[in-house]
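Shown next, in structure tokens, is the structure this report addresses.
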Amino acid sequence: MDAPPPLPNKFDHGSTWPLAILGASIVALAVAAYGYGIPLASRLVLAAVPMSVDRAIGDLFFESMSGSALTPSRLAAPEQARLRAAFDRALARADGADRWPTILEFRAGAIGPNAFALPGGRIVVTDELVSLVGAREDVMVGVLAHEYGHVKARHGVRMVAQSALLRTATSLLLGDYSAVLAGAPALLGEQAYSRDFERDADVESVRVLRAAGLSPAAMVSFFERLAAKDLGSGSGIAIAFASHPADAERVDFFKRAAEAPAR
């Protein structure tokens, strides 16, 4: 008796399209999870994280940089006071009593003309950036307002949460922040802000500048000065301003904001 013929196999003869579709679907789901699910989950986690964690992360990073990449400022005390006063006036007009608490630190060091915001409200500005800006208080206010936007939106902690979500989400929700605190300084130094975070901070810069009666064109001038400085690969601190230089889209945003009537 002859053996029965083999059952047809739809995957024979190179018919692998179902596997290809399955693979593509898995990739699409992974991309969607990374692009939408993880950022959304990080916002939910962030709502459960107290501000004391922001401050602890910011302090750890600042201490890790002090004495190496950051050294005491050589700016004269009256110059520091002038710039602090300009920023304070702008925030007072923009947010009044609702302004987010900030600490403005001036430092010298090996990161060139730069500024960056740390979780908890500390904003660091280098002497080299002050030298680059010169007497332009409007430019300094625009740069600091951008960093203020990162502080208000808690971008630093959100970035840490997104980067370490799979490992630390449960710990965060249970109130155990030790794993996050241990890895946060390295993440802040190596992981750059997303394009969406940068857009949000640019919008905040425009809002504060306008509230202070200043033109967003100040930021166009700043980007031009940075480009002329040719900082190469950046500052070595991924979240620092000069590590995410302006592309054409960001420059155009500030140009259009300068041309548009204030609301």
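Of note:
- Rolling a 1.4 Å probe across the protein heavy atoms gives the range 71-131 an accessible surface of 43 Å² per residue.
- Phi angles across the range 98-105 convert, under the Karplus curve 6.51 cos²θ - 1.76 cosθ + 1.60 with θ = phi - 60°, into 3J(HN,Hα) values of 8, 4, 6, x, 9, 10, 9, 10 Hz, Gly and Pro given as x.
- For SER73, residues with placed amide H under 5 Å, excluding near neighbours: ALA108
- Highest mean packing first, where packing is the average number of other Cβ atoms within 10 Å per residue, the peptides 146-158, 248-260 line up as 146-158, 248-260.
The values are calculated or read from the model by the stated rules, or taken from the named source; none is laboratory data. This one's a predicted model, so the numbers in the text were calculated from it and none came from an experiment. Positions of Cβ are generated from backbone atoms using ideal geometry, with glycine treated the same way; all protein chains shown enter the neighbour counts. Protein only, heavy atoms only, side chains kept; ligands, DNA and RNA dropped before computing areas. Shrake-Rupley method; radii C 1.70, N 1.55, O 1.52, S 1.80 Å.
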